[in-house]
1. Karplus couplings for the stretch A:164-171 from phi (6.51 cos²θ - 1.76 cosθ + 1.60, θ = phi - 60°), rounded to Hz, Gly and Pro as x?
2. Starting from the amide H of A:Val15, placed 1.01 Å from N in the peptide plane, find each other amide H under 5 Å away whose residue is 5 or more places distant or on another chain.
3. Please give the net charge around B:Val226, taking every other residue with its beta carbon less than 11 angstrom from that of B:Val226, where Lys and Arg add +1 and Asp and Glu add -1.
4. Where a Cα-Cα gap under 26 Å defines reach, which lysines qualify for A:Lys31, not counting those fewer than 8 residues away within the same chain?
5. B:Glu199 accessible area, nearest 10 Å², 1.4 Å probe?
6. Please give every one of the lysines within straight-line cross-link reach of A:Lys188, meaning a C-alpha to C-alpha distance under 16 Å, and leave out same-chain neighbours fewer than 8 residues apart.
7. Hey, if we sort B:Arg60, A:Arg72, B:Arg16 by accessible area with the 1.4 Å probe, largest down, what's the order?
8. Using the 7 Å Cα-to-Cβ label point, sort the distances from B:Asp162 to its equivalents in the other copies shortest first and give them in nm to one decimal.
Number of protein chains: 2
Amino acid sequence: MTDQQKSVMQDRGTVRAVERALDVLLCFRAKDELGLTEISKMIGLHKSTVHRLLATLETRGFVRREQSDRYRIGWSILELTSGIYRSGDFSTVVFPEMTALRDRIGETVSLYVRSGFERIRIQAVEGIHAVRRVANIGMRFPLHIGASGKVLLAFCNEPLLDRMESAGALPNNFNKAEFERQLEDIRKRGYAVTFEEREAGAAAVAAPIMNRQNQVSAALSVSGPVDRFSEANLERFIVACVDSANLIGKVFPF
Amino acid sequence: MTDQQKSVMQDRGTVRAVERALDVLLCFRAKDELGLTEISKMIGLHKSTVHRLLATLETRGFVRREQSDRYRIGWSILELTSGIYRSGDFSTVVFPEMTALRDRIGETVSLYVRSGFERIRIQAVEGIHAVRRVANIGMRFPLHIGASGKVLLAFCNEPLLDRMESAGALPNNFNKAEFERQLEDIRKRGYAVTFEEREAGAAAVAAPIMNRQNQVSAALSVSGPVDRFSEANLERFIVACVDSANLIGKVFPF
DNA sequence: TTCGGTTGTTTCACACCATAAAACGCTGGT
DNA sequence: ACCAGCGTTTTATGGTGTGAAACAACCGAA
């Protein structure tokens, strides 16, 4: 163990073994079936260490093994998610309003929150045109790409963009001045619109959900294929999305 | 630390600190907002220990704090769930078939797997009569109560009931001989029917989903108010449920 | 205001336990 | 038969997780 590692791990007030175990769990974001050696390479730990961590995770149901040598996320994770939306009355207010918005405009409605320098899609209601059900709830995306990311950045009180820059969370050729102008525009309008930014062929409208302290707590977005985001539709989408976001922000105690 | 504790923790091949951290996480099954001292009382650890564990969990996004002193489950949990159904093609086979079954009969369709001495509802499609959306996916129930629990027990190759008995997972006044007869009956019929067993006013039909090794891998259930489980309907429910379970078992590589 | 009783937070010395290397069995491919 | 890769087990070492105690900040009661 190097001196650098030593000095880093000194006095952080955290438990190293636990951090490593959680890192093992987070490996399953990338792939939903992993072998022991595979994991040990991903996080740079010794096989035996990972083995013990996995055994520990298994006793509590956080990982499971299907046949013999392949590990998967365990069912305990599900138990914890069932309570995640219970904050206040997520299921009686937010989800119904998202569904109503989807029914009004027909496109996919998503809800994002910020976590660190990323955003997480914490809930989604599929558009009526959706051919396949993509269950990518929980997925992370960068903050600086996509309508809802920009909304979360634009209405954030702290100088988040600066912190991202100094943390190296932005690409090298990132035009910060231009981006700041975009954010200013979003703040003025009260919503964001993007075309084929995060995904080719896709467009999105996003509006901020503000809490009572007038801080942005989430972003509500409407997204779908660009060809359905015509001039006429776009106006409808914007109005509907902003309205729903305002309504949720008024009612929901984020 | 007592000698008893020492001897217990010897040679388990697991990491104590990690087990404790996971126990902290599992506290959020009972309540979705907890204070530090509250947790420390629940699992019998010192405040400072829990504090360090929570700080560690927070760095990886497994818990979050809303205002200052209240802890909640973090968003990282959501990231892990998104991949949980990806085993094989859960979303393209199992979920559509469950939805189709619901559309055929109108009642709530649930999917359970066994985890230890309990069953977990890993997916559900609400019946058309459902007034409120109950998002209790991930919820645990005993194996010996309810139609799907009995199915999981009946078609389990190992002597699970014996192990439950010796582990004290059964109530004191449990009539094991009678229960064994019920299981034998379920094995003969190929499905289970219960009336007001787990919940007052509710009835359920459940059928096993068998994998290629002819082991039960899950239980599919149809449930609703008893008054809709009349003689005539019941027959339809049973046939439809068994059919869907067979279909899923054939296609899905559990 | 001044208490007492809560919180959550920080510090610190000591014993303990997590660690990684190495050796082990096992399986599958060549 | 061989090798390469896997997961598992064992072991000595010293790093590190631990809980008591002291601390700070809050709240309601007297």
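1. Values per residue, Gly and Pro as x: 5, 4, 5, 8, x, 8, 10, x Hz.
2. Those qualifying (amide H under 5 Å, at least 5 residues apart or on another chain) are B:Thr56.
3. On the way: positive: B:Arg228; negative: B:Glu196, B:Glu197, B:Glu199, B:Asp227.
Taking every Cβ under 11 Å from that of B:Val226, the sum is -3.
4. Within reach: A:Lys41, A:Lys47, B:Lys250.
5. B:Glu199 exposes around 100 Å² with every protein chain in place.
6. A:Lys150
7. Values: B:Arg60 65, A:Arg72 15, B:Arg16 85 Å².
Ranked list, largest accessible area first: B:Arg16, B:Arg60, A:Arg72.
8. From this label point to the equivalent ones elsewhere in the assembly: 7.0 nm.
The values are calculated or read from the model by the stated rules, or taken from the named source; none is laboratory data. Just so it is clear, the model here is predicted, and its values are computed rather than measured. Cβ: placed from backbone, ideal geometry, glycine included. Neighbour counts: every protein chain shown. Protein only, heavy atoms only, side chains kept; ligands, DNA and RNA dropped before computing areas. Shrake-Rupley method; radii C 1.70, N 1.55, O 1.52, S 1.80 Å.
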